[in-house]
Every structure is written in C-alpha cells, then in structure tokens.
Amino acid sequence: FPVNTLKIDRSFLAEMLDNHYDRAVVRAILAMAQSLSIDVVAEGVERLEQARFLQENGCLMGQGFFYSEPVSPEEILRYFRRAEDVPGTVTPVHPAL
C-alpha cells in the first residue's frame, strides 16, 4: 500500500512546546514527510501555540479541540447547511493564524 498521509500522534504534541525532544521528533517527522511529498495530519492540537508551530514547520492539517469539540454527524450537516445559506462564507471556529 502506498503511503500518502502520516499522522503525528497526540503524545508528541502534548509536551512539544516544553520538551526539546518532542519538538525535534515533530520537526523530523515533518521534514521526512515533506521530502517524500507525504501529507501530515497532527492529532490532538489543543492550543494556538501548537497550531502555529505546526503551521510554521509545514504541517497544514490538524485535528483537536483547538479547532472544534467533537460534534455529531447531524451537527456537521446543520453547520454546512447554514454556510450554504450565505454564498461564499464559512465561519471558522478560530480565526486564521
């Protein structure tokens, strides 16, 4: 199976801002993925500082409470239906970085 996406486990992000080794591992994963043209998803993004670090180091996809709390499929449908009511607009949970 060809690999097209890597996921960075939340355990690396939890202490990343305070732990030199976790930051180094995350940077190494991102550098490896970039050199192989593989997308990366960071799991467990909970703080603005984490999101900024990831974005500054080339990780453009993340999931976690920083972006949204868990929502039901029905809530997702309602969200997108509301967005359809106003052409060309989607309201982010947090402003762009």
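May I ask you to sort R23, R78 by Cβ crowding, counting other Cβ atoms within 10 Å and putting the fewest first?
Taking fewest neighbouring Cβ atoms as first place, the list is R78, R23.
What's the ranking of 34-45, 63-74 by average number of surrounding C-beta atoms within 10 Å, highest first?
My ranking of the peptides, most packed first, is 34-45, 63-74.
When all alpha-carbon pairs of the range 5-85 are counted, what percent fall beyond 18 Å?
45
Please arrange L6, L60 by counting, for each residue, the other beta carbons lying within 10 Å of its beta carbon, fewest first.
L60, L6
Order by neighbour count: D18, D9, fewest other Cβ atoms within 10 Å first, most last.
In increasing order of surrounding Cβ atoms, one gets D18, D9.
A short reminder: the numbers here are calculations on the coordinates, not readings from a lab. Just so it is clear, the model here is predicted, and its values are computed rather than measured. Because the Cβ atoms are built from the backbone with ideal geometry, glycine has one as well, and the counts that use them run over all protein chains shown.
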